[in-house]
Amino acid sequence: MSDAGKPDHPDPALVLEYELDAPPAKVWRAVTIPALRERWLPDCDLAGAEPESSIAGEEVRYRLRDSEPPYRESHVIFRIEPNEDGGTRVRIIQRACDVALPQAANTNRCLMLAA
């Protein structure tokens, strides 16, 4: 088996998936209407109160900022789709913004050695 198709750095995203009894439209309102979103994702956790992007009824992306130094930022994406039971499948994806992850020492790459 070959590793040719694998990226050098795997996607370091945190992915959570939930099945909810509520219809997709209700879940969409909960993640996009500020007064409803504020109850579980407060403005103080966001880098900006407005979404960075959205596809109506399907996906919304916010930028989060840590409240303590070094104030790292990340994206959180909410993907919403109907499930087979008439409810909603919600996938929450959180990914760090522009963070270079350290590379393992055993990457099997050619290294330059100083004499």
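Laid out as a table, the results:
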| quantity | calculated |
| --- | --- |
| Under-5 Å amide H pairs with A22, H placed in peptide plane, nonlocal only | T88 |
| Linear extension gain, N83 paired with A13, 0.36 nm per residue minus alpha-carbon span | 22.9 nm |
| Efficiency of FRET from Cβ geometry, R61 and A22, R₀ 22 Å, rounded to 0.05 | 0.55 |
| Accessible-area ranking of S53, S74, largest first, probe 1.4 Å | S53, S74 |
| Solvent exposure of the range 9-102 as accessible area per residue, Å², 1.4 Å probe | 67 |
| Potential lengthening between C44 and R29 on full extension [0.36 nm per residue; Cα-Cα distance subtracted] | 3.4 nm |
| Summed side-chain charge close to S53 - residues other than S53 whose Cβ falls under 15 Å, Lys, Arg +1, Asp, Glu -1 | 0 |
| Within the range 46-94, trypsin sites (Lys or Arg not before Pro) in DSSP loop having at most 16 other beta-carbon neighbours inside 10 Å | R72 |
| Nitroxide proxy distance, nm - points 7 Å out along Cα→Cβ at R91 and S53 | 1.5 |
| The range 15-57 - percent of accessible surface contributed by carbon and sulfur, probe 1.4 Å | 59 |
| For D85, solvent-accessible area (1.4 Å; no DNA, RNA or ligand), Å² | 140 |
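The values are calculated or read from the model by the stated rules, or taken from the named source; none is laboratory data. None of the values given here were measured: they were computed from a predicted structure. Neighbour counts are summed over all protein chains in view; Cβ atoms, including those assigned to glycine, are modelled from backbone coordinates with ideal geometry. Accessible surface areas use protein heavy atoms only, side chains included; no ligands, DNA or RNA. Shrake-Rupley method; radii C 1.70, N 1.55, O 1.52, S 1.80 Å.
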